Amino acid sequence: MGKVGFLMCTEVWFTEHARALGRDGVEVLATPRSTEWASRDKWLAGGRAAAVMSGAFGMSSNRSGTDALGMRWGGLGWIIDPDGGVLATTSEDEPFATVTVDPLDAQRAKATYPRYVAE
């Protein structure tokens, strides 16, 4: 795998950062987070948008379990293709996911909409 960029947790919501990393040539966009159970679907949507904006594979991990204060953490991790397709997710029952990806797919995605649109 080639170039990896990082968006830490809430940074995934600032798609301009994903776009900048994509223009910088990243092929994988890693977005580790600690987010709660109730917001899993929302975060997956954000991860999909970041993958699309960057034209990179999105990969994320998330804290799981329940903490001492009773907060239930989401535990949802993902692997997303450069066009926003969900290739794999993790859960409490399936805490690991492995997918073979081709960095050339990310390189090719950068020449497609919406990545080629000038600001």
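The values are calculated or read from the model by the stated rules, or taken from the named source; none is laboratory data. In this text the structure is predicted, and so the values were computed from the model without any measurement. Glycine also receives a Cβ, built like all others from the backbone with ideal geometry; neighbour counts cover every protein chain displayed.
Checking ALA18, ALA97 one by one, the residue that is assigned to a helix (DSSP H, G or I) and either surrounded by 14 or more Cβ atoms within 10 Å (Cβ to Cβ) or β-branched (Val, Ile, Thr) (or both) is ALA18 and no other.
Looking at the structure I just gave you, is THR31 free of Cβ contacts under 8 Å to residues at least 40 places away in the same chain, of a type outside the set (Gly, Ala, Ser) and surrounded by 14 or more Cβ atoms within 10 Å (Cβ to Cβ)? In short, yes. What are the residues in the range 44-88 that are modelled with pLDDT under 95 and in a helix (DSSP H, G or I), if any? The answer is none; no residue qualifies.
Can you name the residue in the range 100-119 that is assigned to a loop (DSSP other than H, G, I, E, B) and charged (D, E, K, R) and, of all such residues, is nearest to GLY46 (Cα to Cα)? Residue satisfying both the conditions and the ranking: ARG115. The set of residues in the range 1-10 that are at pLDDT 95 or above, surrounded by 14 or more Cβ atoms within 10 Å (Cβ to Cβ) and within 11 Å of the chain's Cα centre (by Cα) comprises GLY5, LEU7.
Applying a threshold of 8 Å to beta carbon distances and a minimum spacing of six or more residues, or different chains, the list of pairs starting in the range 54-65 at a residue that is surrounded by fewer than 24 Cβ atoms within 10 Å (Cβ to Cβ) and ending at one that is acidic (Asp, Glu) reads SER64/GLU92.
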